[in-house]
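Data first, discussion second: the structure below is written as structure tokens.
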Amino acid sequence: MFEALSSRLNGVFDKLRRRGALSEADVNEALREVRIALLEADVALPVARDLINKVRERAVGVEVIRSVSPAQQVVKIVNDALVEALGGGEGEEAPGLDLNAPAPVPILMVGLQGSGKTTTSGKIALRLRTREKKKVLLASLDVQRPAAQLQLQTLANQTGVTSLPIIPGQTPLEIAARAMDVARRELYDVVILDTAGRLSIDDALMDEVAAVKAATRPHQTLLVVDAMTGQDAVNTARNFQDRVGVNGIVMTRVDGDARGGAALSMRAVTGAPIRLLGAGEKLDALEDFHPSRIAGRILGMGDIVSLVERAAETIDRDEAEKLAAKMQKGTFDLEDFASQLKQVGKMGNLSGILGMLPGMGAMKDKIANAKIDDGMIGRQSAIISSMTRKERKNPDIIKASRKKRIAAGAGVTVQDVNRLLKQFDDMSAMMKRMNKLGQKGLMRGGLGALLPGMGGGKRPF
Ligand SMILES: Nc1nc2c(ncn2[C@@H]2O[C@H](COP(=O)(O)OP(=O)(O)O)[C@@H](O)[C@H]2O)c(=O)[nH]1
Ligand SMILES: [Mg+2]
């Protein structure tokens, strides 16, 4: 669905890549074109504006990475901004369905008529039955169209799951209550409640859906939207979010030639993640939504993105290796400590940098949980900055009066200075111990010692 946007953006970046060094004007010109491309793809205006601003901010401050061109870096920056707009980043990859609740887990399907609710209900049922071995009950609450309940029953037969027996004359609320009742008694894992749509948003529809939601307290309320409807899909989503409240979006008809902007706007407009994509009429045409893969599809420049990623990693690896060598020689001083802090601060994400070092896999999660406080890194850097060169090379000379001066210069307390010196001491002591363990252990311990609450030098090896 992103073909048009993709080829527009490709054009922009091709032009950019033909330049060597990029001036600010080059970047601005490229961003103007990216903005137009986004708007033409039906990305909501505020969303496009945010995305461009984010990219501009990051492109300006970008550090030059040797072995990749500035244009390539801009591609990577745009890629990352797209991933974020699509709801990705920070380890959030393919949210999928959330079924983490006591059985029977109710899933409520809502949306306009013809958006694909009933079809998607069947698709989800099939997936849950086959992939996750769940016992699924399908129930149609659509009493608007005479054939609607039969349509779901047919789908249920095709997918090999049970559908709630039809009792003519029941209201949607009565059907929902009966479905939950049957599910509880017959020990179903999941109940999918397929509601009636309308041609457009109206109060009766919203009230009905809201009443069903209140009565069944679904764990997932999935809004089904038709990607082909572009901006309208976004408006529909905003409406449903305001009046019913949804916690997931399924975008259907992505197999068509929709312009894709709706997908890019959904997260920003509704706050809810796109969880699944409908990519055809067949019952197995259901896909997980992977923000980074989608961004990759839009930009079509996966090779550049990974090139820049690798190059950025190399820099930090070089730096880390240099530090490790110093540690080994025993010449690691507070200046190196500061440079290590800077590296950590620059990466923003400690688990990123640590993850590159050998043997760090197991620690990564712990680190992610440790919640490194940016302020701490800033404070520590400030403390080291207000030392003299001599003090940094030889921390032992830092006694009470120097500590007072340093603390005042960095705007911290003497305790803060003491804490930093202690940390450095621990680290030095650990390095001596670890000299026996070889470089791999050194790098591990060196960086690990920076982490608050991880034991620093006291961590057993
Ligand atoms: N191409 C395509 N068609 C779809 C998709 N999802 C649903 N449809 C079709 O859209 C039409 C309406 O679907 P339906 O599930 O009845 O919509 P509902 O009114 O929301 O329940 C049907 O003809 C479906 O086959 C999809 O992902 N791709
Ligand atoms: Mg239907």
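The values are calculated or read from the model by the stated rules, or taken from the named source; none is laboratory data. Every value quoted in this text rests on a predicted model; they were computed, and no experiment measured them. A quick note on method: Cβ atoms are made from the backbone with ideal geometry, for glycine too, and the neighbour counts reach across all protein chains shown. Surface accessibility is based on the protein's heavy atoms, side chains included, excluding ligands, DNA and RNA. Shrake-Rupley method; radii C 1.70, N 1.55, O 1.52, S 1.80 Å.
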query = Take the residues of region 148-201 that are more than 16 Å from ligand 1 (Cβ to nearest atom) and touching a Pro at 6+ places or on another chain (Cβ under 7 Å): which is most open to solvent (accessible area, probe 1.4 Å)?
reply = Arg184
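In the set Ala233, Ala204, Ala227, which member is touching a residue at least 60 places away in the same chain (Cβ under 8 Å), more than 16 Å from ligand 2 (Cβ to nearest atom) and closer than 27 Å to Arg253 by Cβ?
Values: Ala233 fails: touching a residue at least 60 places away in the same chain (Cβ under 8 Å); Ala204 fails: touching a residue at least 60 places away in the same chain (Cβ under 8 Å).
Selected residue: Ala227, the only one of Ala233, Ala204, Ala227 that is touching a residue at least 60 places away in the same chain (Cβ under 8 Å), more than 16 Å from ligand 2 (Cβ to nearest atom) and closer than 27 Å to Arg253 by Cβ.
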message = Can you confirm whether Val212 is within 16 Å of ligand 2 (Cβ to nearest atom) and not aromatic (Phe, Trp, Tyr)?
response = yes
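For Ala407, state whether it is at pLDDT below 70, open to solvent by less than 50 Å² (accessible area, probe 1.4 Å) and in the same structural domain as Met427 (by TED's automatic domain parsing). Break it down stepwise before answering.
Working: at pLDDT below 70: no; open to solvent by less than 50 Å² (accessible area, probe 1.4 Å): yes; in the same structural domain as Met427 (by TED's automatic domain parsing): yes.
Here the answer is no, as Ala407 does not meet what is asked.
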task = Test each condition in (1) in a loop (DSSP other than H, G, I, E, B); (2) within 16 Å of ligand 2 (Cβ to nearest atom); (3) open to solvent by less than 50 Å² (accessible area, probe 1.4 Å) for Met109 and report the one that comes out false.
result = (1)
message = Only one of Gly245, Gly278, Gly260, Gly271 is at pLDDT 90 or above and crowded, with 23+ Cβ neighbours inside 10 Å. Can you tell me which?
response = Gly278
Residue list for region 33-45, restricted to those being of a type outside the set (D, E, K, R) and open to solvent by 70 Å² or more (accessible area, probe 1.4 Å) = Ile36, Leu45
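Looking only at helices (runs of 4 or more DSSP H) that lie completely in region 176-270, which have at least 2 residues being more than 23 Å from the chain's Cα centre (by Cα)?
Correct list: 203-216, 231-243.
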ask   = In the list Gly116, Gly122, which residue meets the criterion of being modelled with pLDDT of 90 or more, in contact with a Gly (Cβ under 7 Å, 6 or more places away or on another chain), within 12 Å of ligand 1 (Cβ to nearest atom) and open to solvent by less than 60 Å² (accessible area, probe 1.4 Å)?
value = Gly116
